[in-house]
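Single-structure report; data block below.
The values are calculated or read from the model by the stated rules, or taken from the named source; none is laboratory data. Everything quoted here is computed from the prediction, not taken from an experiment. Counting neighbours? That spans all protein chains shown, and the Cβs are built from the backbone with ideal geometry, glycine included. SASA here: full protein model, heavy atoms, side chains in, ligands and nucleic acids out. Shrake-Rupley method; radii C 1.70, N 1.55, O 1.52, S 1.80 Å.
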Amino acid sequence: AQKVTQAQTEISVVEKEDVTLDCVYETRDTTYYLFWYKQPPSGELVFLIRRNSFDEQNEISGRYSWNFQKSTSSFNFTITASQVVDSAVYFCALSPPSYNTDKLIFGTGTRLQVFP
Amino acid sequence: ETGVTQSPTHLIKTRGQQVTLRCSSQSGHNTVSWYQQALGQGPQFIFQYYREEENGRGNFPPRFSGLQFPNYSSELNVNALELDDSALYLCASSGGPGETQYFGPGTRLLVL
């Protein structure tokens, strides 16, 4: 079975704090993709990153960084020096190989609140 | 903005009615996927259309059906609405199966 677990339901931080959102996944496939999406109050899911299962290099994009560890089936997301505009619900998602049904399997999301 | 548009933005229906939701894909994208997001939950995959053919379906009953048109826009139809169908319906387009999916703003459906 394929599953994504985001154990943190809600996180509150004060502006400029660093925050890490956890994501643990389950799959029997050797090839898969992992994603992070941001959902602001408006509702639209905003794509942040896509990572191939064979690429375990960490990635940094501005204040955002991602730590992919295949050994622990985790794909964690860190925001450095958080800002009020980072307040949103963040979803981690898993996608099976393209020869299977092409769908995104989402976790239940982590609501991040950044206070000024 | 992704260039994916959805209409209407909000909709109120009563139980037993039928509803049609519409999605225009991003320019150059030939694949559209639909998701249902209940309050406080992650989106759940309904189905995907690729070049006007259904290309995979999630665990949704047959009263959820869809279409994709030659311009790659898509419709989601739900018959015999139930109260539990109240949700945010999200459409995503991609350049093909397996490519990154980019989402529209969603349609909020309330069934009374």
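Which of these, B:88, B:67, B:39, has the largest mean-square fluctuation under a Gaussian network model of chain B (Cα springs below 10 Å)? Looking only at B:88, B:67, B:39, the biggest GNM fluctuation is shown by B:39. The residues of chain B expose, per residue, 47 Å² of accessible area to a 1.4 Å probe. Considering only alpha-carbon pairs that sit under 8 angstrom and 6 or more positions apart, the relative contact order computed for the range B:1-108 is 37 percent. Structure remark: mean-square fluctuation, Gaussian network model of chain A, C-alpha springs under 10 Å; the largest value among A:89, A:24, A:13 belongs to A:13.
If r is the Cβ-Cβ distance from residue A:5 to residue A:54 and R0 is 25 Å, what FRET efficiency results, to the nearest 0.05?
Working: r = 22 Å, r/R0 = 0.89.
Calculated value: 0.65.
Rounded to the nearest 20 debye, the dipole size of the range B:31-83 about its Cα centre is 80 debye, using +1 on the Cβ of Lys and Arg and -1 on the Cβ of Asp and Glu.
Within the P(r) computed for the protein assembly as shown, what percentage of the Cα pairs occupies the region above 30 Å? Within the protein assembly as shown, distances greater than 30 Å cover 24 percent of Cα pairs. Each residue of the range A:110-115 was assigned a 3J(HN,Hα) from its phi angle through the Karplus expression (A = 6.51, B = -1.76, C = 1.60, θ = phi - 60°), giving 10, 8, 9, 10, 10, 9 Hz with x at Gly and Pro.
When chain B is described by a simple charge dipole with +1 on each Lys and Arg Cβ and -1 on each Asp and Glu Cβ, the residue from B:70, B:56, B:24 located farthest towards its positive end is B:24.
Within a straight-line Cα-Cα reach of under 27 Å, residue A:38 can be paired with the following lysines, leaving aside sequence neighbours fewer than 8 residues apart in one chain: A:3, A:16, A:70, A:103. Counting only Cα atoms, the size of the range B:10-112 along its three principal axes is 38, 26, 23 Å, in decreasing order. Expressed in units of 2.2 N^0.38 Å, where N is the residue count, the Cα radius of gyration of the range A:22-116 is 1.09. Mean separation of Cα pairs under 8 Å and 6 or more residues apart, divided by the residue count, gives chain A a relative contact order of 37 percent.
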